[in-house]
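Written below as structure tokens is the structure these notes are about.
Bear in mind these aren't lab numbers, they're just calculated from the coordinates by the rules spelled out. Since we're looking at a predicted model, the values are computed, not measured. Cβ coordinates were reconstructed from backbone atoms using ideal geometry, including for glycine residues, and neighbour counts include every protein chain displayed.
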């Protein structure tokens, strides 16, 4: 039989979250971000769940081709743009829109014109300082692009470095600062996409006619100070594994590699079929919660490659074969991530290929 571990993807939750973000978008075009294999949830699976979105936003041209071949007929946007001149014919063939974020890309477009219909968005660097032109360059960039035969400028895109409501106003890259830079664009473009999940949920000053919903579609709060329940979104992935063994360990004994956890009482220690090779972080500290038989059971000892150990002394119902939720509806992925010094995005994206994926309609 297969190893007793699975990541269950809840299709009903994905659809619910899309509708929740549709409400938050308040009539604006809703791009569903499905990059990184849909944040670990499966690209084609997410495309099915997000069929009511106005478009899909992703990174890889090959992924865009996959969703087209699956039957997606709505808009698709490449968030990092094209990477090579050989991509251009495929953009037209599959009707894929692309970000343009530097002069090199403009020169490639000029060198390979004319086009039948190539749709582009101008990326503006308003404060993230990764990709994009300055807002003061937008007018000139737009003019250059519109002068290329067959190129159609669809609008302007920017990305907020910090749209979470708990980001402090005296820090260097606030939403208000980035908005002030975007207001330098004259005339204001008709099509403007600025809001990510956090800005869509919390930043009413962020306007535009389109939003990009990312992590919230998968049921994780973009700000760990707020829960999924606070936002009326549902975790769309449950990572669970079964108990392989239970050890009765006397007080004063050490558990696992490095012997970092020492029992302070006679304890029942359960061995669970999940490790860092499955995507559960090796950095997870003792005390991180798991959920088994309706109760919380803390991590006890270092995470190993294929197994982890939990203290089920206070969960007498735990037995061989009991299912342990590592994150999901009872254990928020953000809670595990916070204890590991990271974010829920990373854990969702890091699910290993060897972990079986199953679907349900919850």
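Structural descriptor for the range 229-329: relative contact order 34 percent, calculated from alpha carbon pairs under 8 angstrom and at least 6 residues apart.
Relative to the longest principal axis of the Cα atoms of the chain, the long axis of helix 61-70 lies at roughly 80 degrees.
Note on the range 1-66: Cα Rg divided by 2.2 N^0.38 Å, N the number of residues, gives 1.24. Using a Debye calculation, one point per C-alpha and no hydration shell, please list log10 I(q)/I(0) for the range 149-287 at q = 0.13, 0.16, 0.17, 0.21 Å⁻¹ in order. Log-scaled intensity ratios, in q order: -0.78, -0.94, -1.00, -1.24. Here the relative contact order of the chain, from alpha carbon pairs under 8 Å that lie six or more residues apart, stands at 18 percent. Which of rounded, prolate, oblate describes the range 61-177, given a ≥ b ≥ c as roots of the alpha-carbon gyration tensor eigenvalues and a/c under 1.5 marking rounded, otherwise prolate only if a/b is larger than b/c? Oblate is the answer for the range 61-177, as a/c is 1.5 or above yet b/c matches or exceeds a/b. Extension gain for residue 143-residue 295 works out to 48.6 nm (0.36 nm per residue, less the C-alpha to C-alpha distance).
From largest to smallest, the equivalent ellipsoid semi-axes obtained for the chain from the alpha-carbon gyration tensor read 44, 21, 17 Å. Building the convex hull from the alpha-carbon atoms of the range 237-360 and averaging its projection over directions returns 7.1 nm².
Take every pair of alpha-carbon atoms less than 8 Å apart whose residues are at least six positions apart; their mean separation over the length of the range 11-218 yields a relative contact order of 21 percent.
Look at the Cα gyration tensor of the range 108-148: its axes a ≥ b ≥ c give a/c of at least 1.5 with a/b over b/c, and that counts as prolate. Counting neighbouring beta carbons within 10 Å and listing from fewest to most, the residues 205, 87, 230 come out as 205, 230, 87. Against the chain, whose longest principal axis comes from its Cα atoms, helix 11-25 is set at around 50 degrees. With neighbour counts taken as other beta-carbon atoms within 10 Å, the residues 94, 83, 133 rank, fewest first, as 83, 94, 133. Sorting 41, 104, 191, 16 from the fewest to the most surrounding beta carbons within 10 angstrom yields 104, 191, 16, 41. Which shape class, rounded, prolate or oblate, goes with the range 11-218 when its Cα gyration tensor gives a ≥ b ≥ c as root eigenvalues, a/c under 1.5 marks rounded, and past that a/b bigger than b/c marks prolate? It is oblate, given that a/c is not under 1.5 and a/b is not larger than b/c.
Once both labels are positioned 7 Å from their Cα atoms along Cα-to-Cβ, the gap between residue 51 and residue 330 label points is 3.3 nm.
A Förster radius of 30 Å, combined with the Cβ-Cβ distance separating residue 152 from residue 230, puts the computed FRET efficiency at roughly 0.15.
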